[in-house]
1. Can you give me the number of residues within segment D:85-94 that are modelled with pLDDT under 95 and either crowded, with 19+ Cβ neighbours inside 10 Å or more than 7 Å from every other protein chain (Cβ to nearest Cβ) (or both)?
2. Condition first: out of contact with any strand residue (DSSP E or B) (no Cβ under 9 Å at 6 or more places or on another chain) and at the interface with another protein chain (Cβ under 7 Å from one of its Cβ atoms). Can you find one or more residues in segment A:31-43 that meet it?
3. Would you confirm whether any residue within segment D:45-52 is farther than 20 Å from residue A:67 by Cβ, in contact with a strand residue (DSSP E or B) (Cβ under 9 Å, 6 or more places away or on another chain) and at the interface with chain A (Cβ under 10 Å from one of its Cβ atoms)?
4. When residues of segment A:29-53 are filtered for being within 18 Å of residue A:72 (Cβ to Cβ) and either in a loop (DSSP other than H, G, I, E, B) or touching a helix residue (DSSP H, G or I) at 6+ places or on another chain (Cβ under 8 Å) (or both), how many remain?
5. Just the residues that are at the interface with chain E (Cβ under 8 Å from one of its Cβ atoms) and either touching a helix residue (DSSP H, G or I) at 6+ places or on another chain (Cβ under 8 Å) or part of a loop (DSSP other than H, G, I, E, B) (or both), please, taken from segment D:72-81.
6. Name the residue, out of E:5, E:64, E:72, E:28, that is in contact (Cβ under 8 Å) with a residue 12 or more places away in the chain and more than 30 Å from residue C:29 (Cα to Cα).
7. Can you tell me which residue among B:55, B:82, B:11, B:104 is within 26 Å of residue C:4 (Cα to Cα), modelled with pLDDT of 95 or more and buried (at least 17 other Cβ atoms within 10 Å of the Cβ)?
8. Limited to segment A:82-93, what total is found for residues that are more than 14 Å from the chain's Cα centre (by Cα) and in a loop (DSSP other than H, G, I, E, B)?
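The values are calculated or read from the model by the stated rules, or taken from the named source; none is laboratory data. Computed from a predicted structure; not experimentally measured. For neighbour counting, all protein chains shown are included, and Cβ atoms are generated from backbone atoms with ideal geometry for every residue, glycine included.
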């Protein structure tokens, strides 16, 4: 899994039937320090992630192992909203104390 | 999933039987800003995407989760035509208002 | 799927039983303009592709969705010989009119 | 599989039900010489790996082939703690003799 | 599949039960010309490959399609020892005539 930040919503009216009803979010990559990094992915949302939130996403066949993505043509899924992580015992990212910057 | 722009059609007469009847499109990568980016993929079309349209494509085993690609040797599928997406609340790409450039 | 050019044949006598009887070809990557590009892959041949031919290959679990590769430890398969493709309406690659260069 | 070093713990309270109960670790990549390298991955822990330990992790669908990750939306799993490896007969990494540096 | 050269052995005593009994080898990447290249992978050995030998390895779910790796958390497998390959009719690599260099 990788960290990403929810940047926006993707709308596609004309789509294959197995994609109906999924919420698709644009996710910018985030590095191990919590900074925005190069690259993006469009991921199905399985947790109700909000704009600007740092999330965990999984790719490949593992992206189909949630209730909402089962048997769908989806190769990336958001399956968690990150509260915090640390590196070597020091907190690197925290959802609540530090304001999440909106400039994605 | 990633954004791509339909650049053209790929014809292969001599092919494995499980590939028969699929429409194969050449898709150029598109970045999160809607600009053409490096790289391409040849994807099966499951939605009737047109030349120049910005589409969503999925790769890997997820590319076989549509009616037309089920159990076929296909590792990329177009499963939606993108109408619009936004970043931080601002519209970055819109299918209809802004003319889609044809220089792929 | 990606474009590749058949560069040669790979021989491996000592191999796992599930690999027996497969033809393994060395495939050089080809870009969207039909030019040789960086990178290669060793792919199982499911169509009888010839030396120098531009082919389509699929990777990952999708590479096992042909009769010859079913349930084998193969992560790349050639499943078509490309006749032609176009970009924005202009033919970029044609198998017959233009001689295929052999300098792979 | 690749080598990684356990850098820290990731906490996500709001998550998809199939992710409940998994321990998620932040893993920094380690090169073939045992040095920290670019890139990270968030992996499920199936062996009780400790902070600073060099581990083996697997990605993709193979990450679901452990008891704790079966049928979960997990695309990376730690499935071993590395004791030692050698290159050309010389030991490159040893868990016990040389102190593991903590500056991840 | 890709070419690699067996560089050494990886030992991990503490591991998930489904990994027991597998031989894990450190494999350096080899390019299409038979030269050592950037990158490595830790692969399960399904053929009894020896130190310094050039091998073929497969990744992803295909790495589980051998008797020894079936249903295990293994994302890379050595499934053949390469005897020879050619590019455009010229032999590029031969296991026996040319001595295999040991400086991996």
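1. 1
2. No; the residues of segment A:31-43 include none that is out of contact with any strand residue (DSSP E or B) (no Cβ under 9 Å at 6 or more places or on another chain) and at the interface with another protein chain (Cβ under 7 Å from one of its Cβ atoms).
3. We begin by selecting, within segment D:45-52, every residue farther than 20 Å from residue A:67 by Cβ; these are D:45-52.
After this cut, where a residue has to be in contact with a strand residue (DSSP E or B) (Cβ under 9 Å, 6 or more places away or on another chain) as well, the list is D:45-52.
Restricting the remaining residues to those that are at the interface with chain A (Cβ under 10 Å from one of its Cβ atoms) gives D:51-52.
Yes, segment D:45-52 has at least one match.
4. Total meeting the criteria: 6.
5. Selection gives D:77, D:79, D:80.
6. E:72
7. After applying the criteria, what remains is B:55.
8. Matching residues across segment A:82-93 total 2.
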